[in-house]
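What follows is a short report on a single structure.
The values are calculated or read from the model by the stated rules, or taken from the named source; none is laboratory data. This one's a predicted model, so the numbers in the text were calculated from it and none came from an experiment. Note that we place each Cβ from the backbone using ideal geometry, even for glycine, and neighbour counts take in every protein chain shown. Side chains included, ligands, DNA and RNA excluded: accessible areas come from the protein's heavy atoms. Shrake-Rupley method; radii C 1.70, N 1.55, O 1.52, S 1.80 Å.
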Amino acid sequence: DAGVIQSPRHEVTEMGQEVTLRCKPISGHDYLFWYRQTMMRGLELLIYFNNNVPIDDSGMPEDRFSAKMPNASFSTLKIQPSEPRDSAVYFCASSFVGNTIYFGEGSWLTVV
Amino acid sequence: GQQVMQIPQYQHVQEGEDFTTYCNSSTTLSNIQWYKQRPGGHPVFLIQLVKSGEVKKQKRLTFQFGEAKKNSSLHITATQTTDVGTYFCAGQQSARQLTFGSGTQLTVLP
């Protein structure tokens, strides 16, 4: 079975540019999570969806961040405009009935 | 809100030595999960503990859930270089989502 698929795997962008990260969860999973990982702050939950509906976005750092899940097989995390402090690894993850979480391989973002 | 604290933050051991990481929750948990993240990789689920006082083993790894269901530990016997990585605990309270600890980064010196 395919795991959680994220794209791009690596992105380097200039400050002020828009960044869109994409995720395809495991088929049949009803929860989708976006995490951010940095050395300083560790693994942070940004937002999660249940059945495509955003449930908790309290972890989203600020209005520059937005996430959507238009259907059960696709989600995006957008940063506009991007800033150097947004540099991090962004993980998408999914689970069934909110139990064991399966992580994607991550999108490594560098904002210069 | 729920907080999950994990210690130590870093641990260096010689190959063959034992290793333990501890996890403490500010609230009683319904279950606790452990994940391992290899350098450059993503967190991978290891195990879930549900019952008070539960102990589970996976080869050289022993996982314990405290009697009060507020703490947990992961013990690795005779570490190997393949054990290198960051170990995260993640606690779940009732129907809420998992809260991850800060992780323990294990380095195994050959």
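Can I get the semi-axes of chain B's equivalent ellipsoid? Compute them from the C-alpha gyration tensor as square roots of 5 times the eigenvalues, in angstrom, largest first.
On the way: eigenvalues 110, 40, 26 Å².
Square roots of five times the eigenvalues give 23, 14, 11 Å.
Taking 0.36 nm per intervening residue step and subtracting the Cα-Cα distance, what contour gain separates A:TRP108 from A:THR20 on full extension? Don't skip to the answer; put the middle values down first.
On the way: separation 88, 0.36 × 88 = 31.68 nm, distance 1.20 nm.
Result: 30.5 nm gained on full extension.
Taking the protein assembly as shown, how many lysine pairs are there with alpha carbons less than 29 Å apart, if each pair must be eight or more places apart or span two chains?
Pairs that pass both the separation and distance tests number 21.
Give the span of the protein assembly as shown's Cα atoms along each principal axis, as three whole-Å numbers ordered largest to smallest.
48, 39, 35
Could you work out, residue by residue across B:42-48, how many beta carbons of other chains sit within 10 Å of that residue's beta carbon, and then give the average as an integer?
Taking the mean over all residues of the peptide, I get 5.
On each of the three principal axes of the Cα atoms of segment A:1-100, give max minus min coordinate, whole Å, ordered largest first.
37, 25, 25
Percent of Cα-Cα pairs more than 18 Å apart in segment B:56-107, please.
Numbers: 519 of 1326 pairs.
That fraction is 39 percent.
For segment B:11-55, report the % of Cα-Cα distances exceeding 11 Å.
Cα-Cα pairs in segment B:11-55 separated by more than 11 Å: 77 percent.
For A:SER107, what is the net charge nearby, where nearby means another residue's Cβ is under 13 Å from its Cβ and Lys, Arg count +1, Asp, Glu -1?
On the way: positive: A:ARG9, A:ARG22, A:LYS24, A:ARG36, A:LYS78; negative: A:GLU11, A:ASP86, A:GLU105.
Neighbour charge sum, excluding A:SER107 itself: +2.
At R0 = 22 Å, how high is the FRET efficiency between A:ASN52 and B:VAL44 if r is their beta carbon distance? Nearest 0.05 is fine.
With a Förster radius of 22 Å, E is 0.30.
So how much slack lies between B:TYR10 and B:VAL84, counting 0.36 nm per residue of separation and subtracting their Cα-Cα distance, in nm? Walk me through the numbers on the way to the answer.
On the way: separation 74, 0.36 × 74 = 26.64 nm, distance 1.13 nm.
Gain on extension, B:TYR10 to B:VAL84, equals 25.5 nm.
Taking Cα centroids, how far is segment B:22-52 from segment A:46-99 in Å?
Cα centroid of segment B:22-52 versus Cα centroid of segment A:46-99: 22 Å apart.
Heavy atoms only, probe 1.4 Å: what % of the accessible area of chain B goes to carbon and sulfur, would you let me know? Could you put the intermediate results ahead of the total?
Numbers: 2670 of 5290 Å².
Carbon plus sulfur share of accessible area: 50 percent.
Starting from 0.36 nm per residue, how many nanometres of slack lie between B:SER94 and B:VAL55 once their C-alpha separation is accounted for?
The B:SER94-B:VAL55 span can extend by a further 12.0 nm.
What accessible area per residue, rounded to a whole number of Å², is obtained for chain A using a probe radius of 1.4 Å? List each step's numbers first, then the result.
Values: 5670 Å² over 112 residues.
Counting only protein heavy atoms, the per-residue value for chain A is 51 Å².
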